[in-house]
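**Q** Submitted below is the structure of interest, expressed as structure tokens.
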Amino acid sequence: MSDLTDGNPLTGWTGPVRQTRLRSATKEVVIASDKPFCVIGERINPTGRKLFQEQLRAGDLSLIEKDVAAQIAGGADVLDINMGVPLTDEADLLVKAIQLVQSLCDLPICIDSSVVEALEAGLAAYQGRALVNSVTAEDERLEAILPLVKKYDAAIIALPNDADEIPMEADKRLVLTEKIVRVATQEYGIAIEDIVIDPLAMPIGADPSVGRTALETIRRIHAGWGLNQTCGASNVSFGMPGRHAINGAWLPLAMAAGMTSAIMDARTTSIVDSVRAADLLLGNDEWGMSWISTFRARQAAAAAAEAAGTPA
């Protein structure tokens, strides 16, 4: 499949493949429907991590080093960084975390904050081309965040909800997606390739219809604009038992519908394997080379562990 002229026949898009290009100081990652699925590691986030929050309040960022190593080992392509800890200077923490991560690895970064001042501080400190997480269709949020995206030549994750609601119907999500695309491209001069839509994948435990709605939204957004899409993959299984199995099933379904990346658990082998198997089946792993090399590397590691008398 050509990078430049072919669309995605599975989703009905017949226009050019949209390439969202992210960079660190030395490495580029391309999010696109004809590329391997982009795994955005979710772990550098204090939400639900009491010890991590306490360490960050004390100015201790050492746990980030372990999070980076574990996510790289698991196969992350991009690392999401969120430093939203109450009673801290989020902008200062975010800058320090970005600088630390960039000293540890060459993966591009997704800068994740709801605080405009923190986003600007992070973008100013970042060496490369970042993905910003995120903006909604609310007028005041678009006016506050899109100028930063343009100023720092970043890409943006956008959620099709507004001040009134999180829409439960695909039709309303499509209307708000159209608004986001129109405002970003026409009023702020942001390239359509740099808009990544989050179709609002909601917890299946709260409403059994939300999975179908999200898949319909993904298909229709891709058919209409060819946009790259992402989601917080763990949202889908929130509140349910066996979350890894649910997430591992959800992502290939979303990929077939047109999703091209996810903010997800890059440390859980079963979930990443589901994504890479879907890459193979969707034709985005040429001749299965990535799948085969991963399998062989695991075989070699198991053999070495057995020879050493230690568990693999």
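The values are calculated or read from the model by the stated rules, or taken from the named source; none is laboratory data. For clarity, every value in this text was computed on a predicted model and none was experimentally measured. Neighbour counts run over all protein chains shown; Cβ positions are idealised from the backbone, glycine included.
**Q** Is it true that some residue in the stretch 45-52 is modelled with pLDDT of 95 or more, in a helix (DSSP H, G or I), out of contact with any Asp or Glu (no Cβ under 7 Å at 6 or more places or on another chain) and of a type in the set (A, V, I, L, M, F, W, C)?
**A** Yes - at least one qualifying residue is present in the stretch 45-52.
**Q** Is the stretch 143-160 home to any residue that is more than 23 Å from residue 38 (Cβ to Cβ), touching a Gly at 6+ places or on another chain (Cβ under 8 Å) and at pLDDT 95 or above?
**A** no
**Q** Is it true that some residue in the stretch 126-144 is crowded, with 22+ Cβ neighbours inside 10 Å, hydrophobic (A, V, I, L, M, F, W, C), on the phi < 0 side of the Ramachandran plot and free of Cβ contacts under 8 Å to residues at least 40 places away in the same chain?
**A** yes
**Q** What is the number of the single condition among (1) farther than 27 Å from residue 167 by Cβ; (2) of a type outside the set (D, E, K, R); (3) in contact with a strand residue (DSSP E or B) (Cβ under 8 Å, 6 or more places away or on another chain) that residue 124 does not meet?
**A** Failed condition: (3).
**Q** Do the conditions hold for residue 254, that is, is it over 29 Å from residue 18 (Cβ atoms) and assigned to a helix (DSSP H, G or I)?
**A** In short, no.
**Q** Quickly run through the stretch 270-293 and pick out the residues that are in a helix (DSSP H, G or I) and surrounded by fewer than 17 Cβ atoms within 10 Å (Cβ to Cβ).
**A** Scanning the stretch 270-293 gives 270, 273, 277, 281, 286, 287, 288, 289, 290, 291, 292, 293.
**Q** Among the numbered criteria (1) β-branched (Val, Ile, Thr); (2) under 18 Å from residue 195 (Cα atoms); (3) free of Cβ contacts under 8 Å to residues at least 40 places away in the same chain, which one does residue 149 miss?
**A** Condition not satisfied by residue 149: (3).
**Q** Determine if the stretch 84-101 includes at least one residue that is crowded, with 22+ Cβ neighbours inside 10 Å, within 19 Å of residue 283 (Cβ to Cβ), out of contact with any Asp or Glu (no Cβ under 9 Å at 6 or more places or on another chain) and touching a residue at least 12 places away in the same chain (Cβ under 8 Å).
**A** Taking every residue of the stretch 84-101 in turn, none turns out to be crowded, with 22+ Cβ neighbours inside 10 Å, within 19 Å of residue 283 (Cβ to Cβ), out of contact with any Asp or Glu (no Cβ under 9 Å at 6 or more places or on another chain) and touching a residue at least 12 places away in the same chain (Cβ under 8 Å).
**Q** Looking at the stretch 98-110, is at least one residue under 18 Å from the mean Cα position of the chain (by Cα) and under 26 Å from residue 166 (Cα atoms)?
**A** yes
**Q** If a residue has to be part of a helix (DSSP H, G or I), touching a residue at least 24 places away in the same chain (Cβ under 8 Å) and among the aliphatic types (A, V, I, L, M) to count, how many in the stretch 58-68 make the cut?
**A** Pass one, the stretch 58-68, residues part of a helix (DSSP H, G or I): 62-68.
Okay, now just the ones that are also touching a residue at least 24 places away in the same chain (Cβ under 8 Å), so 64-65, 67-68.
With the extra rule that they be among the aliphatic types (A, V, I, L, M), the set shrinks to 64, 68.
So the answer is 2.
**Q** Then there is this: Give the residue that is farthest from residue 175 (Cα to Cα), with candidates limited to residues of the stretch 193-210 that are in a strand (DSSP E or B) and in contact with a helix residue (DSSP H, G or I) (Cβ under 9 Å, 6 or more places away or on another chain).
**A** Looking at residues that are in a strand (DSSP E or B) and in contact with a helix residue (DSSP H, G or I) (Cβ under 9 Å, 6 or more places away or on another chain), I get 195.
**Q** I'd like the full set of residues that are closer than 23 Å to residue 114 by Cβ and either modelled with pLDDT under 95 or not hydrophobic (A, V, I, L, M, F, W, C) (or both), limited to the stretch 169-181.
**A** Once the filter is applied, which keeps residues that are closer than 23 Å to residue 114 by Cβ and either modelled with pLDDT under 95 or not hydrophobic (A, V, I, L, M, F, W, C) (or both), the stretch 169-181 yields 172, 173, 177, 179.
**Q** Does residue 213 satisfy the criteria of being in a helix (DSSP H, G or I), surrounded by fewer than 23 Cβ atoms within 10 Å (Cβ to Cβ), in contact with an Asp or Glu (Cβ under 8 Å, 6 or more places away or on another chain) and at pLDDT 95 or above?
**A** Numbers: in a helix (DSSP H, G or I): yes; surrounded by fewer than 23 Cβ atoms within 10 Å (Cβ to Cβ): yes; in contact with an Asp or Glu (Cβ under 8 Å, 6 or more places away or on another chain): yes; at pLDDT 95 or above: yes.
Taking the combined requirement at face value, the residue satisfies it.
**Q** Still on this model: Could you pull out the residue among 245, 249, 266, 262 that is within 21 Å of the chain's Cα centre (by Cα) and either farther than 23 Å from residue 31 by Cβ or of a type in the set (Phe, Trp, Tyr) (or both)?
**A** Sole residue among the options that is within 21 Å of the chain's Cα centre (by Cα) and either farther than 23 Å from residue 31 by Cβ or of a type in the set (Phe, Trp, Tyr) (or both): 245.
**Q** Among (1) under 16 Å from the mean Cα position of the chain (by Cα); (2) surrounded by fewer than 17 Cβ atoms within 10 Å (Cβ to Cβ), where does residue 19 come up short?
**A** All conditions pass for residue 19, except number (2).
**Q** Among the listed residues 31, 40, 44, identify the single one that is surrounded by 22 or more Cβ atoms within 10 Å (Cβ to Cβ), of a type in the set (A, V, I, L, M, F, W, C), closer than 22 Å to residue 233 by Cβ and free of Cβ contacts under 8 Å to residues at least 60 places away in the same chain.
**A** Details: 31 fails: free of Cβ contacts under 8 Å to residues at least 60 places away in the same chain; 40 fails: free of Cβ contacts under 8 Å to residues at least 60 places away in the same chain.
Result of the check over 31, 40, 44: 44.
**Q** Further, regarding this structure: In this structure, is residue 204 under 22 Å from residue 154 (Cβ atoms) and touching a residue at least 24 places away in the same chain (Cβ under 8 Å)?
**A** Working: under 22 Å from residue 154 (Cβ atoms): no; touching a residue at least 24 places away in the same chain (Cβ under 8 Å): yes.
So residue 204 fails the test.
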